[in-house]
Amino acid sequence: EPEVTQTPSHQVTQMGQEVILRCVPISNHLYFYWYRQILGQKVEFLVSFYNNEISEKSEIFDDQFSVERPDGSNFTLKIRSTKLEDSAMYFCASSVGRGGANVLTFGAGSRLTVL
Amino acid sequence: DAKTTQPPSMDCAEGRAANLPCNHSTISGNEYVYWYRQIHSQGPQYIIHGLKNNETNEMASLIITEDRKSSTLILPHATLRDTAVYYCIATSQETSGSRLTFGEGTQLTVNP
């Protein structure tokens with residue numbers, strides 16, 4: 001069964017450093033997403049991406065965050081100047097398209113620990 | 001998204017059916033009901049979705065009431081590996097764009 005692959009599985013960084021989380025969406029999917037889950041809290045939407053641009057973002061997704069599809073397969077989330085409160089699981093997801101039912105396939109997540 | 005209400009926790013014996021309820025009394029006509037689950041800290045996993053009719057796939061069945069104000073996810077023969085948080089989400093592209101809004105969900109514990 002096709003999977004969404006995320007790397008690294010766990011990253012530890014110092015406060016103030018930049019982090020890039022990588023994702024390989026399912027190959028025929030056109031929409032890509034990032035969600036995060038702070039320990040013990042809900043899964044929260046960050047951003048969706050289609051046709052090489054952000055289609056929607058939440059209030060969490062401020063200037064500290066950026067997304068990019070640098071090539072035909074990878075989808076990245078960059079977090080600049082990390083803060084302690086950025087520590088969380090970050091989940092990438094992809095879907096075939098929008099309209100009607102939109103089923104998302106999530107990756108296993110990248111755990112970010114900011115010290 | 002329509003607001004959904006789920007019990008915070010449920011228990012089920014292994015091998016028995018697990019019936020997880022969800023209320024979505026303010027659901028609009030174009031909103032689908034989706035069920036996802038999250039096993040421990042893994043990524044959410046899609047289970048099933050429906051609009052009006054009952055649906056069944058290899059994982060579960062979804063029963064939606066005729067007025068669409070509530071639904072039940074049925075895991076016909078629960079196993080220990082079905083222990084997870086189950087999320088019921090009522091949404092459509094028209095009302096919520098591309099985002100899924102996860103609530104607290106129901107922690108299902110399958111006991112041996």
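The values are calculated or read from the model by the stated rules, or taken from the named source; none is laboratory data. For clarity, every value in this text was computed on a predicted model and none was experimentally measured. Please note: Cβ atoms are built from the backbone with ideal geometry, for glycine as well, and neighbour counts cover all protein chains shown. Calculation scope for accessible area: heavy atoms of the full protein, side chains included, ligands and nucleic acids excluded. Shrake-Rupley method; radii C 1.70, N 1.55, O 1.52, S 1.80 Å.
Table: residues versus (1) touching a Cys at 6+ places or on another chain (Cβ under 9 Å); (2) open to solvent by 60 Å² or more (accessible area, probe 1.4 Å); (3) not aromatic (F, W, Y).
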site	(1), (2), (3)
B:I47	no, no, yes
B:N54	no, yes, yes
B:S70	yes, no, yes
B:P76	no, yes, yes
B:L80	no, yes, yes
B:T91	no, no, yes
B:T109	yes, no, yes
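For the stretch A:1-39, the set of residues classified as open to solvent by less than 90 Å² (accessible area, probe 1.4 Å), at the interface with chain B (Cβ under 10 Å from one of its Cβ atoms) and outside any strand (DSSP E or B) consists of A:V4 only.
Working only within the stretch B:11-35, note down all residues that are over 13 Å from the mean Cα position of the chain (by Cα) and under 18 Å from B:I74 (Cβ atoms). Hits for the stretch B:11-35 are B:D11, B:C12, B:A13, B:E14, B:G15, B:R16, B:A17.
Is it the case, given these coordinates, that A:L112 is more than 8 Å from chain B (Cβ to nearest Cβ), open to solvent by less than 30 Å² (accessible area, probe 1.4 Å) and either on the phi < 0 side of the Ramachandran plot or touching a Cys at 6+ places or on another chain (Cβ under 9 Å) (or both)? Spelling it out, A:L112 is indeed more than 8 Å from chain B (Cβ to nearest Cβ), open to solvent by less than 30 Å² (accessible area, probe 1.4 Å) and either on the phi < 0 side of the Ramachandran plot or touching a Cys at 6+ places or on another chain (Cβ under 9 Å) (or both).
Would a scan of the stretch B:25-32 turn up a residue that is of a type in the set (D, E) and assigned to a loop (DSSP other than H, G, I, E, B)? Looking through the stretch B:25-32, at least one residue is of a type in the set (D, E) and assigned to a loop (DSSP other than H, G, I, E, B). Note on the stretch B:16-45: residues that are open to solvent by 40 Å² or more (accessible area, probe 1.4 Å), more than 14 Å from every other protein chain (Cβ to nearest Cβ) and modelled with pLDDT of 95 or more amount to 5. Select from the stretch A:67-99 the residues that are among the small types (G, A, S) and under 18 Å from A:P8 (Cβ atoms) and write down the one among them that is most open to solvent (accessible area, probe 1.4 Å). Filtering the stretch A:67-99 for residues that are among the small types (G, A, S) and under 18 Å from A:P8 (Cβ atoms), the one most open to solvent (accessible area, probe 1.4 Å) comes out as A:S73.
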